[in-house]
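Since the structure comes first, as structure tokens, the remarks are kept for the end.
Derivation of every value follows stated rules applied to the coordinates shown; laboratory data play no part. Worth saying up front: this structure is predicted, and the values here are computed from it rather than measured. Note that each Cβ is placed from the backbone with ideal geometry, even for glycine, and that neighbours are counted across all protein chains shown.
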Amino acid sequence: MAANIFDYKGRHAHFIGIGGSSMSGLAGYLKQLGYEVSGSDRTKSHKTEHLEEKGITVTIGHDAKNVRGADIVIYSAAIAPDNPERAEAARLHIPQIERCDLIGDLMAGHRFAVGVSGTHGKTTTTSMLAQAFLSAGADPTIHIGGELDFIGGSTRAGDGRDFIVEACEYRESFLQFRPTVAIVLNIDEDHLDYYRDIDHIEEAFAKYVAIVPEDGWCVAWGDDPRARRVCLNAKCNHMTYGLGPDNMLRPENLRYDAQGFASFTAVLNGERLGDFHIGVAAECNMLDALAVICVCHIRGLDMAKVADALHSFVGAHRRFELTGVTDGVRCYTDYGHNPAEIKNALRIASLQPHRTLWSVWQPHTYSRTKTLFDQFVETFDVADRLLITDIMGAREADPGDINSGMLLEPIRARGVDAHWTPSFDDTEAYLRAHWQPGDIMISHGCGDIDLLNEQIALHGDTKKE
């Protein structure tokens with residue numbers, strides 16, 4: 001029988017890979033709940049520093065000795081069984097819990113447990129939902145894969161009724177969750193190092209929605225045929241949203257201002273729920289807001305307060321985040337790392353007043369770069385100039401058959417001025433030599449590309465607006 005985290009309340013929990021966006025939040029949460037917490041990671045980061053400020057011991061580097069004395073070990077799907085700490089925990093018979101099993105344990109028992117799934121938009125939607133619930137007077141437990149200033153980080157402890165969490169499909173990890181409400185934002189190609197094809201991905205989402213009890217809900221973007229099919233085939237209640245006439249929740253009188261901010265009246269099966277003006281730009285964020293409105297309606301929250309929350313929502317960190325203005329250039333960073341997400345970020349950037357739109361992309365994993373190569377080639381058409389750094393391998397070894405330079409010619413053939421700037425130093429030097437006041441720069445990727453923005457701010461005459 002698998003270990004349950006609550007069997008170890010007040011004891012020593014050790015996190016392998018504690019600096020990850022989700023793992024760091026969970027570590028802080030267990031600390032709040034009274035556990036003794038320690039952890040290790042390959043590199044020092046802002047997240048590891050913040051954990052140390054909370055009294056959590058963090059060791060840089062993985063070593064067998066790090067787990068000695070722990071009562072339970074928590075690891076993520078990216079940590080292989082031959083990791084020295086996992087191997088030592090196995091030798092010492094220390095119970096181990098994968099990150100998603102831990103989240104499943106934490107979700108259990110909540111009457112209204114929302115798992116936000118989808119290939120794109122999970123962090124933004126989870127953050128919107130968190131802000132809407134809190135603004136409307138609910139007291140949810142929250143776990144976000146990014147950081148939201150509104151809750152002071154990525155994780156928040158609530159009163160035990162509501163639980164809001166991102167549900168990632170990587171290696172079918174969301175199948176360990178226990179939602180009573182499953183959101184399916186979209187179903188697209190990604191993680192093809194695990195999934196054989198898009199049909200396999202859809203099958204995983206169907207299995208995820210099947211976890212929801214019959215009196216629970218599936219909420220899905222009805223204009224995505226795969227998300228709609230998964231939703232309508234579920235055994236639980238369902239609600240679809242979108243622009244198409246056959247959706248249950250639709251935005252009527254939809255309009256966008258010059259910067260791409262949406263306003264509309266939300267209408268559910270002919271019933272007007274209220275007027276909304278969304279505080280983040282572009283259609284993708286408007287659609288995420290529709291998902292939030294659906295869930296808040298199911299939960300019975302005050303729609304006027306939900307509308308206020310969505311109007312004041314400014315986004316989570318690393319989701320089209322303005323990091324500063326250097327040399328008169330507005331610098332943004334965005335976590336998007338697959339074609340659809342990068343296109344959305346570029347679309348938002350293109351709506352802002354600018355001279356030249358610079359896109360700086362750090363490809364994430366060799367397998368994703370290879371399997372989505374043709375889609376990436378078509379991703380940057382909106383950008384005026386593109387700089388591509390070296391691929392960040394993350395959990396993967398370099399196979400030797402793919403590199404960033406291979407993308408240049410096919411992207412240039414589409415009319416984009418593309419260059420390979422391998423390191424952050426190379427990238428910064430190229431930008432400073434060529435950009436001009438009034439330009440916009442946006443960096444993309446789920447690796448450490450945000451450090452480029454920090455580096456630029458550190459070295460230049462930068463102001464934060």
What net charge do the residues around residue 254 carry, taking every other residue with its C-beta under 15 Å from that of residue 254, with Lys and Arg at +1 and Asp and Glu at -1?
-3
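Could you please report the charge total around residue 411, scoring K, R as +1 and D, E as -1 over all other residues with beta-carbon less than 12 angstrom from its beta-carbon?
-2
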Taking the convex hull of the alpha carbon atoms in the range 10-98, what volume per residue do you get, in Å³?
78
Hey, fewest Cβ within 10 Å first, where do 23, 303, 406 land in order?
406, 303, 23
Kirkwood hydrodynamic radius, the range 108-312, all distinct C-alpha pairs: what's the number in Å?
16.8
Over what distance in Å are the Cα centres of the range 372-386 and the range 86-142 separated?
33
Percent of C-alpha pairs per 10 Å bin, the range 316-355, short to long:
28, 56, 16
Would you grab the residues whose amide H sits under 5 Å from the one on residue 332? Only those 5+ places off in sequence or on another chain, please, with H modelled 1.01 Å from N.
323, 441, 442, 443
Among 335-342, 134-141, 120-127, how do they line up from the highest to the lowest mean number of other beta-carbon atoms within 10 Å?
120-127, 335-342, 134-141
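Placing +1 at every Lys and Arg Cβ and -1 at every Asp and Glu Cβ, with all other atoms neutral, what dipole size does the range 321-463 have around its Cα centre, in debye to the nearest 20?
Details: 12 positive and 22 negative charges, 82 e Å.
The dipole magnitude comes to about 400 debye.
Give me D for the chain in µm² s⁻¹, whole number, from Stokes-Einstein with Rh from the Kirkwood sum over alpha-carbon pairs, 4 °C and 1.567 mPa s.
56
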Give me the distance in nm between label points sitting 7 Å out from Cα along the Cα-to-Cβ direction at residue 409 and residue 459, one decimal.
3.1
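What order do you get for 217, 435 when you list them from fewest to most C-beta neighbours inside 10 Å?
435, 217
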Potential lengthening between residue 255 and residue 171 on full extension [0.36 nm per residue; Cα-Cα distance subtracted]:
26.4 nm
Mean projected area in nm² (Cα convex hull; one quarter of hull surface) for the range 167-256
6.3
Radius 11 Å from Cβ of residue 210, net charge of other residues (Lys, Arg +1; Asp, Glu -1):
0
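Rounded to the nearest 0.05, what FRET efficiency do residue 235 and residue 197 have when you use their Cβ-Cβ distance and R0 = 22 Å?
Efficiency at R0 = 22 Å is approximately 0.30.
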Pop a pseudo-label 7 angstrom from the Cα along the beta-carbon direction at both residue 429 and residue 223 and give the gap in nm to one decimal.
4.5
I need to check one value: relative contact order of the range 10-98, counting alpha carbon pairs closer than 8 Å and at least 6 residues apart, in percent.
31
Using the Karplus curve 6.51 cos²θ - 1.76 cosθ + 1.60 with θ = phi - 60°, work out ³J(HN,Hα) for each residue of the range 393-407 in order, rounded to whole Hz, and write x for Gly and Pro.
x, 6, 7, 10, 7, 5, x, x, 10, 8, 8, 5, x, 5, 7
Give me the percent of Cα-Cα pairs in the range 375-465 that sit more than 16 Å apart, rounded to a whole number.
59
What FRET efficiency would be calculated for the residue pair residue 90, residue 161, taking the C-beta separation as r and a Förster radius of 41 Å, to the nearest 0.05?
0.65
Based on the mean of other Cβ atoms within 10 Å per residue, sort peptides 395-405, 268-278 so the most packed one is first.
268-278, 395-405
How far apart, in nm, are the 7 Å Cα→Cβ label points at residue 210 and residue 311?
4.4
Once the piece of chain linking residue 451 and residue 2 is laid out straight, how much longer is it, given 0.36 nm per residue of separation minus the C-alpha distance between them?
157.8 nm
Within the set 31/370; 31/235; 31/65; 47/122, which residue pairs have Cα atoms separated by over 32 Å?
31/370; 31/235
